[in-house]
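Student: Have a look at this one before I ask anything.
The values are calculated or read from the model by the stated rules, or taken from the named source; none is laboratory data. Small disclaimer: the values here were computed from a predicted structure and weren't measured. No Cβ is skipped: glycine too gets one built from the backbone with ideal geometry, and neighbour counts run over all protein chains shown.
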């Protein structure tokens, strides 16, 4: 069968199920769950695959999350379509739950889009015409938040890493995947889509300054002020900023999560969280050393103890231009004009798809249809049909191109692909940034 006919069938299947796709996106939007807590969203996705598409699902692939597989008996390459389950805290958004949870990063759109890709390929019967396997993976915990909660999960042996795709790499979910595709929402202004973004990676930190209590009014000289140690540490970090190369795009943004217990006691237990972000792995590592020196110096200055829990964060996203070229052709095929497409984008935020991109070819376009900054009270969807349907069509058509006619396109991409890291190298890097640094200055 001609590829153009196959593509038209995929598009028709998605359009015919528009109301179903929009409804699932709205349901998820109205019930956001934070990372590694996406129990109801996982169940919703599982039930959708079983009831609407008659596909079995592997559940709880990384504590939460699930995976559906089609064409399991075919011998060609495997393409995975990913969608992220979790929400983000934005308590001042009009649609925030009492907990502050929202979908102001648009992950509900991703899940609806992933399901729409499945609808397009399965309800049309097109998947049977393709020469490769396809996974649909609902991934947990992309937002790197609630570090205390994730630390407890780690202590219980439930997870090892704090990011969902990190866990999926570790536990082997990606072992038989050759190419991974997903998309993200973004306020693209008067443009419709951005293709080829790059991003920063980061190393996370959970920091504790330990001082000595004393009466803040009567005997402050008998205490060791852990809050002062933290403030000095933050000033030290600020003093480092001129030492960073502009091209490395280093970003460091600590917050104090506990500043003390009560106002009339010298703070003896102060907690901080921070990211060290940069464009390359080496820049991340170099900047992280400076941050650690700054933190330790703050503790040393006032004679407090310090504990720095190093948490392996995400890697920078790597571009894979051959897949982007296929996507671009499909965007034009769908009627998006050349001047409505942004080619290349520079993001100093981080995505856990960056980790996957070091191991296999990936695709991560950013689609418009929303307005306002991600993670902000201004975030809103302004074009439901576009943001729920067009990304799904473009990814589904890209899968057709990859796996049609003996999967020639996919095999061509994989033939020339050299991973930046093997899985073993990746896990070794993660473990090298996973540990606790302790320095003792109290009573010295």
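Student: Let me confirm something: among 418, 400, which residue is out of contact with any strand residue (DSSP E or B) (no Cβ under 9 Å at 6 or more places or on another chain), assigned by TED's automatic domain parsing to the domain that holds residue 136 and either modelled with pLDDT of 95 or more or at negative phi (or both)?
Tutor: On the way: 418 fails: assigned by TED's automatic domain parsing to the domain that holds residue 136.
Of 418, 400, the one residue that is out of contact with any strand residue (DSSP E or B) (no Cβ under 9 Å at 6 or more places or on another chain), assigned by TED's automatic domain parsing to the domain that holds residue 136 and either modelled with pLDDT of 95 or more or at negative phi (or both) is 400.
Student: Moving on. How many of the residues in segment 260-283 are under 17 Å from residue 228 (Cβ atoms) and surrounded by 15 or more Cβ atoms within 10 Å (Cβ to Cβ)?
Tutor: Of the residues in segment 260-283, 9 are under 17 Å from residue 228 (Cβ atoms) and surrounded by 15 or more Cβ atoms within 10 Å (Cβ to Cβ).
Student: How many residues does segment 174-190 hold that are farther than 24 Å from residue 120 by Cβ and either surrounded by fewer than 17 Cβ atoms within 10 Å (Cβ to Cβ) or under 14 Å from the mean Cα position of the chain (by Cα) (or both)? Steps first, answer last, please.
Tutor: Of all residues in segment 174-190, those farther than 24 Å from residue 120 by Cβ come to 175, 187, 189-190.
Still in the list and also either surrounded by fewer than 17 Cβ atoms within 10 Å (Cβ to Cβ) or under 14 Å from the mean Cα position of the chain (by Cα) (or both): 175, 189-190.
The qualifying residues number 3.
Student: Looking for whichever is at pLDDT 95 or above and surrounded by fewer than 19 Cβ atoms within 10 Å (Cβ to Cβ) here; the options are 200, 225, 171. Which one fits?
Tutor: Only one candidate passes the filter, namely 171.
Student: Filter segment 409-431 down to the residues that are assigned to a helix (DSSP H, G or I), out of contact with any helix residue (DSSP H, G or I) (no Cβ under 8 Å at 6 or more places or on another chain) and either farther than 24 Å from residue 282 by Cα or touching a residue at least 60 places away in the same chain (Cβ under 8 Å) (or both) and list them by number.
Tutor: Across segment 409-431, the qualifying residues are 411, 414, 415, 431.
Student: Further question on the same structure: Among the residues of segment 96-152 satisfying the criterion of being farther than 20 Å from residue 28 by Cα and in a loop (DSSP other than H, G, I, E, B), which is modelled with the lowest pLDDT?
Tutor: 146
Student: Please tell me if residue 389 is in contact with a helix residue (DSSP H, G or I) (Cβ under 7 Å, 6 or more places away or on another chain), assigned by TED's automatic domain parsing to the domain that holds residue 185 and under 17 Å from residue 110 (Cα atoms).
Tutor: So residue 389 passes the test.
Student: Could I ask something else about it? Is it fair to say residue 347 is in the same structural domain as residue 113 (by TED's automatic domain parsing) and within 17 Å of residue 111 (Cα to Cα)?
Tutor: The answer is no for residue 347.
Yes/no matrix, rows are residues, columns are (1) out of contact with any strand residue (DSSP E or B) (no Cβ under 8 Å at 6 or more places or on another chain); (2) within 30 Å of residue 385 (Cβ to Cβ):
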site: 273; (1), (2): no, no
site: 309; (1), (2): no, no
site: 315; (1), (2): no, no
site: 323; (1), (2): no, yes
site: 327; (1), (2): no, yes
site: 344; (1), (2): no, yes
site: 355; (1), (2): yes, no
site: 363; (1), (2): no, yes
site: 366; (1), (2): no, yes
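Student: With (1) over 23 Å from residue 120 (Cα atoms); (2) out of contact with any strand residue (DSSP E or B) (no Cβ under 8 Å at 6 or more places or on another chain); (3) part of a helix (DSSP H, G or I) as the list, and residue 389 as the residue in question, which single condition is left unmet?
Tutor: With respect to (1) over 23 Å from residue 120 (Cα atoms); (2) out of contact with any strand residue (DSSP E or B) (no Cβ under 8 Å at 6 or more places or on another chain); (3) part of a helix (DSSP H, G or I), residue 389 is out only on (1).
Student: On to the next question. For residues that are in a helix (DSSP H, G or I), within 14 Å of residue 197 (Cα to Cα) and touching a helix residue (DSSP H, G or I) at 6+ places or on another chain (Cβ under 8 Å), tally how many sit in segment 351-368.
Tutor: Within segment 351-368, residues that are in a helix (DSSP H, G or I), within 14 Å of residue 197 (Cα to Cα) and touching a helix residue (DSSP H, G or I) at 6+ places or on another chain (Cβ under 8 Å) number 1.
Student: Does residue 287 count as crowded, with 20+ Cβ neighbours inside 10 Å and touching a helix residue (DSSP H, G or I) at 6+ places or on another chain (Cβ under 7 Å)?
Tutor: So residue 287 does not fit the description; no.
Student: Can I ask one more? Taking residue 195 and the conditions (1) outside the structural domain of residue 278 (by TED's automatic domain parsing); (2) more than 30 Å from residue 69 (Cα to Cα); (3) in contact with a helix residue (DSSP H, G or I) (Cβ under 6 Å, 6 or more places away or on another chain), which numbered condition does it fall short on, given that it satisfies the others?
Tutor: Single failed check for residue 195: (2).
Student: Residues 247, 218, 225, 235: which one is farther than 30 Å from residue 289 by Cα and not assigned by TED's automatic domain parsing to the domain that holds residue 344?
Tutor: It is 218.
Student: Another question about this same structure. How many residues does segment 274-297 contain that are within 22 Å of the chain's Cα centre (by Cα), assigned to a helix (DSSP H, G or I) and either in contact (Cβ under 8 Å) with a residue 60 or more places away in the chain or more than 10 Å from residue 251 (Cα to Cα) (or both)?
Tutor: Going residue by residue through segment 274-297, those that are within 22 Å of the chain's Cα centre (by Cα) are 274-285, 287-288.
With the extra rule that they be assigned to a helix (DSSP H, G or I), the set shrinks to 281-285, 287-288.
If we keep only those that are either in contact (Cβ under 8 Å) with a residue 60 or more places away in the chain or more than 10 Å from residue 251 (Cα to Cα) (or both) too, we end up with 281-285, 288.
The total comes to 6.
Student: Scan segment 47-60 and give yes if some residue there is assigned by TED's automatic domain parsing to the domain that holds residue 361, in a loop (DSSP other than H, G, I, E, B), closer than 30 Å to residue 2 by Cβ and in contact with a strand residue (DSSP E or B) (Cβ under 6 Å, 6 or more places away or on another chain), otherwise no.
Tutor: yes
Student: I'd like to know if segment 12-31 contains one or more residues that are crowded, with 16+ Cβ neighbours inside 10 Å, under 22 Å from residue 404 (Cα atoms) and in contact with a helix residue (DSSP H, G or I) (Cβ under 8 Å, 6 or more places away or on another chain).
Tutor: yes
Student: Sticking with this structure for a sec: Among the residues of segment 32-47, what is the count of those that are farther than 16 Å from residue 86 by Cβ and in contact with a helix residue (DSSP H, G or I) (Cβ under 8 Å, 6 or more places away or on another chain)?
Tutor: So the answer is 0.
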